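A short worksheet on the structure shown next.
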Amino acid sequence: MGVKNLWDILESCKKTLPLHHLQNRRLCVDLSCWLIQFQNAGRLPACSKEKIYLRNLFHRLRALISLNCSLILVTGLLDSSLRAVIGTPSVINQYILPKIAERDLRQFANLRSISSELGARIPLHMMPVPCPVSAIVKLRKVQGQDYYEVSWQGIDGLGNSIVPADLIKSYVMLCLNSCDADQ
């Protein structure tokens, strides 16, 4: 489903349990992974019957349903009309990357605020979370609200975007306070 080396990551917490341990549980199944496994197994010479992978899928699902499992079936396949809209790089650059950058800025500002409340005077270059803002470009009005256009660093594919003014003002105040403390 798009997570590279997922099985390597999960290897340390993997447990093999009997099937009856799943009774009355909610279970999320990567259906596309199961279908690929079954299709690959169906190509073996011993499996001469047609569409044996569907029969295997049926028996796995039947066994889980008989154990009163609540099944959530997940596939990695999007409807082609949705994929055309959601997956385009321009949509990702325009909507998703700015939200990620804003989240990173909020994390930085929160960490900075908490550390100053606790009396810790950590220089900007020693912060565990780097500041994602490289420059404040200019003030903008969007639907009557104040926003700042900022340039970002460390986020590939994102140049400038707008951020709520209150977030930038708190960020600037934190940076000014840390500069005063460093001197």
Matching residues in region 130-151 (outside any strand (DSSP E or B) and of a type outside the set (S, T, N, Q)) number 4
For region 27-67: of the residues being loosely packed, with under 15 Cβ neighbours inside 10 Å and hydroxyl-bearing (Ser, Thr, Tyr), which is modelled with the lowest pLDDT? 48
Mind listing just one residue for me: the one in region 122-151 that is under 12 Å from residue 98 (Cα atoms) and in contact with a Gly (Cβ under 7 Å, 6 or more places away or on another chain) and, of those, modelled with the highest pLDDT? 151
Verdict on residue 77 being surrounded by fewer than 14 Cβ atoms within 10 Å (Cβ to Cβ), out of contact with any strand residue (DSSP E or B) (no Cβ under 8 Å at 6 or more places or on another chain), at pLDDT below 75 and under 30 Å from residue 24 (Cβ atoms): yes
Can you work out which of the residues in region 1-20 that are surrounded by 10 or more Cβ atoms within 10 Å (Cβ to Cβ) and free of Cβ contacts under 8 Å to residues at least 40 places away in the same chain is nearest to residue 67 (Cα to Cα)? 10
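The values are calculated or read from the model by the stated rules, or taken from the named source; none is laboratory data. Source: prediction; values computed, not measured. Note: ideal-geometry Cβ built from the backbone for every residue, glycine included; neighbour counts use all protein chains shown.
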